[in-house]
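Novice: Here it is, the structure, as structure tokens.
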């Protein structure tokens, strides 16, 4: 399954290439994407089952990978430094986005696989169970610091007027369930 088409590539229409040449680069780009995405998701990813923004992201990655590799191959004979730099830029940007998905920084709403490669179905995003799952937070209890009072007042979601008294401002080990 291709994530993009020949008309999507970022090259001029007048560029003389052999028939099927662009399709070969698209196929290779999609296989490269599937090789990395296959560690987390069932591949090829069914584009009909994911939201539009995720479709566009996969399409963008495929376009940039295929175009970058295509330009590198076409510019090989001319050794054009500017074309090589542009192609490298496209490839690096595509790889950066692809690895963000493969590493779990960006979740797709697609069926997942376990460590053996067997499908496990769609896994709910963590923010469904915990609305603060994707919000950077921190809890560093300190029995003598006023910072703990600040954290209790502004980082817990239910501010109360706590007053700072050294050695009495926290109880327990500072875990979220132990906040006073």
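Novice: Evaluate the distance, in nm, between pseudo-label points positioned 7 Å from the Cα of residue 150 and of residue 100 along their respective Cα→Cβ axes.
Specialist: So the two model labels end up 3.0 nm from each other.
Novice: If you don't mind, there's one more thing I want to ask. Cα convex hull of segment 1-59: mean projected area in nm², to one decimal?
Specialist: Seen from a random direction, the Cα hull of segment 1-59 projects 4.4 nm² on average.
Novice: How far apart, in nanometres, would the label points at residue 6 and residue 52 be if each is projected 7 angstrom from Cα along the Cα-to-Cβ direction?
Specialist: Rounded to a tenth, the inter-label distance reads 2.9 nm.
Novice: Could you work out the percent of alpha carbon pairs in segment 6-121 separated by over 20 Å, rounded to a whole number?
Specialist: Summing the P(r) of segment 6-121 above 20 Å gives 44 percent of all pairs.
Rule-based calculations on the coordinates, nothing more; no lab input. A quick note: this is a predicted structure, and the numbers were derived from the prediction, not measured. Neighbour counts run over all protein chains shown; Cβ positions are idealised from the backbone, glycine included.
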